[in-house]
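Notes follow the structure.
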Amino acid sequence: MKHQLFSRRHFLKASLAVSSAAVAAPAVLAEKSPNSKLNIAVVGVGGRGGANIAELVRDTGGSEKLLAFCDVHANNLSAQSDKYQVEHRFKDYREMLDKKSKELDAVLVATLDHTHGIIACSAMELGLHCYCEKPLANSVWETRQMANFAKKKKLCTQTGTQVRARGSGQDAHYYRSIELIRAGAIDEVTEVHNWCDGTYVPKEDPVDESPVPAWLDYDLWLGPTQYRPFHESYLGWTRYGYWHSGNGWVSGMGPHTIDLIWTALNLTPPTTIEVDGPKPPHKLYNRDNLHVTFVHLQKDGKTLKVHWYDGNRRPEGIADGLIDSKPKSGVLFVGTKGSLQVHYGYHTLFPKEKFADFQPPAPTYPPGVGHQRQWVEAIKAGKPEQCECNFVYAAPYMESICVAANMHREAVDKVAWNPEAMKTDSDVVNKHFKPEFRSGWRFPTCD
């Protein structure tokens, strides 16, 4: 698979052709100078939210205005608001948007996965630009709504995969790998493997109801999902593995590496998806040790298999000398003339002896400015296409990940995936594509 090298701007223009009409600046910035401060709100200010705030301030030099913070965790809200001297504090994003939307330009969403979609869509419905942590949402339908809003309202959006345009130097390995693949360093790519050995499986099943901490508004924490008695494990590391608040490790870490694969190979949604995992499925949470195979139909009519492994699973059937199996996570592109292994801190061509004197192509991508700063600069320029991991681009692979998680949930081994119709050939998988929201919670739509 040989490709012509592109500049970052050229590549983005090509990969976002489907949304090329969505480049005009939204009305919210129509009267602002490109150099004026943006008013930004953050929903979910602890954990990943706290990291996003710190990176945003660092990479922009504190150039923007943090106008409002929102969190259902009262202690996190107080501590972060004091740290960044944010005056407007809310525990309910609906109240925040009702009172502050006319002053806001953008919203950064870093809550748990089950509230990403409703918060992001509520902000975009009002014409606000949006940054959202990965995965974009917990379901196919919510993810599609987010992409629809971004495209229709011509908003600058960014998905929290971080390593894209991270600005810390780690993105260099990703971009160099893209250049090597497109330059044909390993010739035609015949298969791809990506893996990560983490887990969100709780040590034991929650049995008894736990008392709700005084600092937590549990009703708002649940958001639009159906009510269930509180358990303290819902707030720990395993919270991303429970079906009501996450889709497991494939959803938690998969977007980081699958994003690279889709970008390097200009992939379109898979036609079939296969899942090999522990059975029977657990009724409460996603189990680990999955092997997911996404089968893509390419422009030349050939199929390409992209494999995901988690837990103790590792790439299978790789010839000796074409992989370093020691790293706990990575991406391996296998080609007809070698392989390329890459992750945050390295990229290596195999067999090593064959590529000992290899002269790589000159770099074409400029250094990353930082994932959040890229979003901010796109907003000020009124150019959504400058966001490399915008919702329109990212939603298709996020949807594929949701399908795989739903398959594991129902112990379905293989499906045919039709993204245009937003359904598979399995009714038990399809039933999870659009959640049943709790009464009193309105999810904005943009079909």
Quick check on Ser329: is it at pLDDT below 95 and in contact with a Lys or Arg (Cβ under 8 Å, 6 or more places away or on another chain)? no
Does any residue in region 307-321 that is over 12 Å from Trp249 (Cβ atoms) and of a type in the set (D, E, K, R) come within less than 7 Å, Cβ to Cβ, of a residue that is assigned to a strand (DSSP E or B) and open to solvent by less than 70 Å² (accessible area, probe 1.4 Å) six or more places away or on a different chain, and which pairs are these? Arg314/Trp195
Per the list (1) of a type outside the set (Ser, Thr, Tyr); (2) without any contact (Cβ under 8 Å) to a residue 24 or more places away in the chain; (3) under 26 Å from Val412 (Cα atoms); (4) in a strand (DSSP E or B), residue check on Val292 breaks on (2)
Would you be able to tell me the number of residues in region 243-274 that are surrounded by 22 or more Cβ atoms within 10 Å (Cβ to Cβ), out of contact with any Gly (no Cβ under 9 Å at 6 or more places or on another chain) and not in a helix (DSSP H, G or I)? 3
Select from region 346-382 the residues that are touching a helix residue (DSSP H, G or I) at 6+ places or on another chain (Cβ under 8 Å) and part of a helix (DSSP H, G or I) and list them in ascending order. His371, Gln372, Arg373, Gln374, Val376, Glu377, Ala378, Ile379, Lys380
Name the residue that is modelled with the lowest pLDDT, counting only residues in region 159-176 that are crowded, with 21+ Cβ neighbours inside 10 Å and more than 17 Å from Cys132 (Cβ to Cβ). Asp171
Per the filter on region 314-336, residues open to solvent by less than 50 Å² (accessible area, probe 1.4 Å) and either under 21 Å from Asn286 (Cα atoms) or outside any loop (DSSP other than H, G, I, E, B) (or both) are Pro315, Ser329, Gly330, Val331, Leu332, Phe333, Val334, Gly335
Residue under evaluation Ile261, criteria (1) more than 21 Å from Phe350 (Cα to Cα); (2) touching a residue at least 24 places away in the same chain (Cβ under 8 Å); (3) not acidic (Asp, Glu), criterion not met: (1)
Return yes when Asp217 is open to solvent by 20 Å² or more (accessible area, probe 1.4 Å) and either at pLDDT 95 or above or touching a His at 6+ places or on another chain (Cβ under 9 Å) (or both) and no when it is not. yes
Quick check on region 133-143. Is at least one of its residues part of a helix (DSSP H, G or I), among the β-branched types (Val, Ile, Thr), over 14 Å from the mean Cα position of the chain (by Cα) and buried (at least 21 other Cβ atoms within 10 Å of the Cβ)? no
Quickly run through region 299-313 and pick out the residues that are assigned to a loop (DSSP other than H, G, I, E, B) and surrounded by 16 or more Cβ atoms within 10 Å (Cβ to Cβ). Gly311, Arg313
Residue ID - farthest from His244 (Cα to Cα), chosen from residues in region 189-204 that are of a type in the set (S, T, N, Q) and either outside any strand (DSSP E or B) or open to solvent by less than 20 Å² (accessible area, probe 1.4 Å) (or both): Asn194
Test: Ala381 is over 23 Å from the mean Cα position of the chain (by Cα) and touching a residue at least 24 places away in the same chain (Cβ under 8 Å): yes
Checking Phe437 against (1) within 19 Å of the chain's Cα centre (by Cα); (2) open to solvent by less than 70 Å² (accessible area, probe 1.4 Å), the condition it does not meet: (1)
Would you confirm, using the coordinates I've provided, whether Glu179 is acidic (Asp, Glu) and open to solvent by 30 Å² or more (accessible area, probe 1.4 Å)? no
Do we find a residue being surrounded by 15 or more Cβ atoms within 10 Å (Cβ to Cβ) and over 27 Å from Ile53 (Cα atoms) anywhere in region 363-370? yes
Out of Glu388, Glu399, sole residue that is crowded, with 22+ Cβ neighbours inside 10 Å, of a type in the set (Asp, Glu), touching a residue at least 24 places away in the same chain (Cβ under 8 Å) and part of a loop (DSSP other than H, G, I, E, B): Glu388
Which condition does Val428 not pass, out of (1) open to solvent by less than 10 Å² (accessible area, probe 1.4 Å); (2) farther than 26 Å from Gln162 by Cβ; (3) part of a helix (DSSP H, G or I); (4) among the aliphatic types (A, V, I, L, M), if it passes all the others? (1)
Output for Cβ contacts, cut-off 8 Å, separation at least six or different chains, first residue small (Gly, Ala, Ser) in region 52-63, second open to solvent by 40 Å² or more (accessible area, probe 1.4 Å), reads Ser63/Lys37
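The values are calculated or read from the model by the stated rules, or taken from the named source; none is laboratory data. Quick caveat: nothing in here was measured; it's all calculated off a predicted structure. Glycine gets a Cβ as well: all are built from the backbone with ideal geometry, and neighbour counts include every protein chain shown. What goes into the accessible areas is simple: the full protein's heavy atoms, side chains included, and nothing from ligands, DNA or RNA. Shrake-Rupley method; radii C 1.70, N 1.55, O 1.52, S 1.80 Å.
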